[in-house]
Structures are given as C-alpha cells and as structure tokens.
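The values are calculated or read from the model by the stated rules, or taken from the named source; none is laboratory data. Keep in mind that what you see is a predicted model, and the values were worked out from it rather than measured. Glycine also receives a Cβ, built like all others from the backbone with ideal geometry; neighbour counts cover every protein chain displayed.
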Amino acid sequence: MWLFSRKGASGFSASSTAEEVTQGIDGTGLTAIVTGASSGIGRETTHVLAMRGVHVIMGVRNMTAGRDAREAIVKKIPTAKVDAMELDLSSLASVRKFASDFNTSGLPLNLLINNAGVMLTPYTLSKDNIELQFATNHLGHFLLANLLLDRMKKTARESSKEGRIVNVSSEAHRLTYREGIKFDKLNDEAGYSSMAAYGQSKLANILHANELTRHLKEQGVNITANSLHPGVVATNLFRHMSIFNGFTAMFGKYLLKNAQQGAATTCYVALNPQVKGVSGEYFSDSNLSKASSKATDTELAKKLWDFSMNLVE
C-alpha cells in the first residue's frame with residue numbers, strides 16, 4: 001500500500017524512508033541521545049543519524065542488545081560514532097543516573113529523541129509504583145528532558161545551532177480515557193484499560209512537547225520541542241498482543257510500515273532543515289499533522305506538567 005502514498009507539502013510521504021528524508025544533510029558535529037535504540041525504529045533512527053555524521057548515544061534498557069545493535073551499525077558504517085548507555089525509562093533512579101553520567105561526560109547535546117516505549121501491557125506498576133505505560137512512555141522521558149535541558153541550552157548557546165527535542169507519540173493518543181489523563185486514578189487497576197492507558201501515555205507525549213515549547217519560548221532559548229506519529233510499524237511493541245503479533249508476522253510487510261519508513265518522521269523532525277524554528281507541532285508521515293483537541297488543550301498541558309513535576313520530585 002505504501003507504493004500509492006501521496007506526498008505532502010514537505011515532498012515526503014508515508015512510504016518515505018529515514019534515509020530519504022535526511023538525504024544530503026550533514027549532521028557532523030551534532031550529538032544525539034536516542035532512547036529505546038536497540039531495536040525497531042529506535043535502532044533505525046540511530047543508524048541513519050550515524051550515517052549522517054551525528055554522534056549518537058543509545059539509551060538502552062538491555063546493554064547486551066544495545067552493544068549488539070551498536071556493533072551492527074558500526075560494521076555497516078565504519079566511521080559511525082555510536083555509544084550505548086544503560087537507561088530504563090520505567091525507573092526514575094535509572095533516568096537520574098543516566099542523565100548524571102551524561103552531564104558529567106562533558107559531551108554536548110543537540111538532539112534528544114524520546115523514542116522508547118511499551119505498548120498495551122497488562123496492568124503493571126513501575127519500580128516507582130506508577131502505572132507502567134505512563135511511567136515508561138511519558139514520565140521517564142519527562143524527567144530525562146528536564147535533567148538534560150541545561151546541557152542542551154549550553155550546547156545551543158555555544159554552538160549557535162538549534163537544539164531539538166523529539167517525542168515519539170502515536171495516533172493512539174486519540175484513544176485515551178474519556179478525561180484524557182486520569183490524574184486522580186492513574187494507578188486504578190479496576191478501571192484499567194491497556195489501550196486507553198497506552199493512549200493516555202501517548203497523549204502525554206504530545207502535551208509534554210507543547211508545554212515544553214511554551215517554557216522554552218519564555219526563556220528565549222534556541223531549542224524546539226515537537227511530537228510525532230511514526231505510523232503503524234511492524235515492531236516488537238506488539239509483543240503483548242499475541243493475535244496482532246501473529247498478524248504482523250504474516251501480513252505486516254504488505255500493510256504496515258517497515259522500520260526504515262517508521263523512523264522517517266523521527267529523522268525528519270530531528271534533522272531536516274524544513275523543521276528549523278518549528279516547535280509545539282505534531283507530525284505524521286514526515287509532514288505537519290493535526291493532533292486531537294485534548295492534545296492541543298493548553299490547560300491540560302499545564303496540569304500534566306505540574307502533575308509530572310510532583311511525581312518526579
């Protein structure tokens with residue numbers, strides 16, 4: 001079906017790959033952190049950024065898988081600058097350690113790509129006793145961005161290059177709970193829906209980018225924050241859906257995006273000059289798109305920001 005995708009205003013479409021949307025772009029001198037970089041679209045994002053000369057730090061929960069992914073990328077691109085660091089987004093302690101280690105490394109930081117995620121998990125609480133999908137997909141990334149922001153500001157100031165924060169969300173943000181975010185019943189097992197909880201976490205990704213944009217503009221810093229839908233991609237995110245997992249194995253290559261297409265919008269928002277100065281927007285298929293009314297609710301975004309700050313304190 002991707003053969004018949006129509007190009008949008010950017011000149012790209014659902015069938016465009018990460019290599020295509022970054023063709024001719026020189027990322028030499030840039031440093032990026034990509035979370036969830038050992039597999040799926042995170043790994044492909046790392047591969048293409050490294051191909052364009054970006055120094056990529058892979059934030060990975062499983063260091064063995066991370067090292068394997070790094071070795072595979074370097075084997076294809078001998079000049080690639082790729083490193084792996086342990087990062088479990090479901091653990092606030094792990095996020096703090098990762099950020100501390102990175103900040104003391106002295107490395108600059110131009111790009112933060114919040115890609116890692118879990119999907120449709122059975123009701124589970126994180127190590128910090130927070131519903132797992134919200135904890136992993138939103139809260140870990142929220143804390144990570146906060147802890148790395150000073151490093152990004154310093155890099156943007158000293159390099160005179162725009163910093164970019166990219167939140168990988170999903171069209172599933174439209175399938176959240178009726179109230180959008182269940183602030184008062186976040187950990188309510190009785191009312192838990194794996195789909196709505198996933199949608200809630202993806203809605204939070206967009207609201208986070210939007211409210212972060214407001215803060216960055218108020219501070220007058222040269223950093224943007226955007227969110228995106230990567231498309232429906234055949235990855236291991238579907239591991240908790242046995243029926244759908246079997247379906248993707250059989251028909252995924254015909255009906256779903258592959259990792260190269262799935263990573264395209266992330267790489268487009270992270271590197272393409274068309275996105276320079278654009279902040280607080282939602283992208284899909286490497287083009288500007290329109291998020292839900294809840295996702296553009298400024299009061300909901302502010303409430304989520306304050307709620308999240310209280311949870312990570």
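Computed quantities for the displayed model
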item	result
Boolean, THR45 is part of a helix (DSSP H, G or I), surrounded by fewer than 19 Cβ atoms within 10 Å (Cβ to Cβ) and of a type outside the set (A, V, I, L, M)	no
Among residues of region 80-114, those that are in a loop (DSSP other than H, G, I, E, B) and either surrounded by 18 or more Cβ atoms within 10 Å (Cβ to Cβ) or in contact (Cβ under 8 Å) with a residue 24 or more places away in the chain (or both), counted	11
Qualifying positions in region 218-275 - of a type in the set (Phe, Trp, Tyr) and modelled with pLDDT of 95 or more	TYR268
Breaking point among (1) closer than 23 Å to GLY280 by Cα; (2) touching a residue at least 24 places away in the same chain (Cβ under 8 Å), for GLU179	(2)
Members of region 175-205 found to be hydrophobic (A, V, I, L, M, F, W, C), in contact with a strand residue (DSSP E or B) (Cβ under 9 Å, 6 or more places away or on another chain) and closer than 12 Å to THR121 by Cα, listed by number	ALA196, ALA197
Enumeration of residues in region 180-216 that are in a loop (DSSP other than H, G, I, E, B) and either of a type outside the set (Lys, Arg) or surrounded by fewer than 17 Cβ atoms within 10 Å (Cβ to Cβ) (or both)	ILE181, PHE183, ASP184, LYS185, LEU186, ASN187, ASP188, GLU189, ALA190, GLY191, TYR192, SER193
Unmet criterion (only one of (1) at pLDDT 95 or above; (2) buried (at least 18 other Cβ atoms within 10 Å of the Cβ); (3) within 25 Å of THR121 (Cα to Cα); (4) of a type outside the set (Phe, Trp, Tyr)) for GLY280	(3)
Test: GLU218 is of a type in the set (D, E, K, R) and free of Cβ contacts under 8 Å to residues at least 12 places away in the same chain	yes
Count of residues meeting criterion [surrounded by fewer than 24 Cβ atoms within 10 Å (Cβ to Cβ) and either touching a helix residue (DSSP H, G or I) at 6+ places or on another chain (Cβ under 6 Å) or assigned to a loop (DSSP other than H, G, I, E, B) (or both)] in region 143-179	12
Count of region 288-308 residues which are free of Cβ contacts under 8 Å to residues at least 40 places away in the same chain and not in a loop (DSSP other than H, G, I, E, B)	2
